[in-house]
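The values are calculated or read from the model by the stated rules, or taken from the named source; none is laboratory data. All of these numbers come straight from a predicted model, not from anything done at the bench. Methodologically, a virtual Cβ is constructed for each residue, glycine included, from the backbone with ideal geometry; neighbour enumeration extends over all protein chains shown.
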Amino acid sequence: MEPQILGVVVMFIATLLLAVPLGRYIAKVYAGQHTWTDGIFNPIEKLFFRISRIDPTREMNWKQHLTVLLTINLIWVHRQPALVQQAKHGPEEPDKIDCQQHGQVLLPVHFQYDT
């Protein structure tokens, strides 16, 4: 069997095997029930809420959702070029190919948001 086909078959089987347990876990999270990851993630979540001054008991209106969405996108648009320009210094770029220029980096960002 070809390695690519074997990889697809393994991923398909893994997806089938994980679908039901992950679905049950996500259902418990959305229902607010106790899960085995609460001891790990609850302190981290509370820290983020405290830093961001978010009250988890209050619902957000559409204006607050829009503000958060636009803020996150603005941060990403300004952060993504820096990440791409610094890519040759990371372990995932073993050939140390020269980084893209600033104008070349911004093109994909604008393309993502214009389409």
Is it true that some residue in the stretch 39-51 is outside the structural domain of Thr71 (by TED's automatic domain parsing) and either over 24 Å from Ile72 (Cα atoms) or touching a Phe, Trp or Tyr at 6+ places or on another chain (Cβ under 9 Å) (or both)? yes
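Looking at the stretch 55-74, can you tell me whether even one residue there is on the phi < 0 side of the Ramachandran plot, charged (D, E, K, R), surrounded by 10 or more Cβ atoms within 10 Å (Cβ to Cβ) and at pLDDT 90 or above? Spell out the reasoning first.
Of the residues in the stretch 55-74, the ones on the phi < 0 side of the Ramachandran plot are 55-74.
Applying the additional criterion that residues be charged (D, E, K, R) yields 55, 58-59, 63.
Checking which are surrounded by 10 or more Cβ atoms within 10 Å (Cβ to Cβ) leaves us with none.
Checked against the condition, which is being on the phi < 0 side of the Ramachandran plot, charged (D, E, K, R), surrounded by 10 or more Cβ atoms within 10 Å (Cβ to Cβ) and at pLDDT 90 or above, the stretch 55-74 yields no hits at all.
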Ala31: modelled with pLDDT of 85 or more and aliphatic (A, V, I, L, M), yes or no? yes
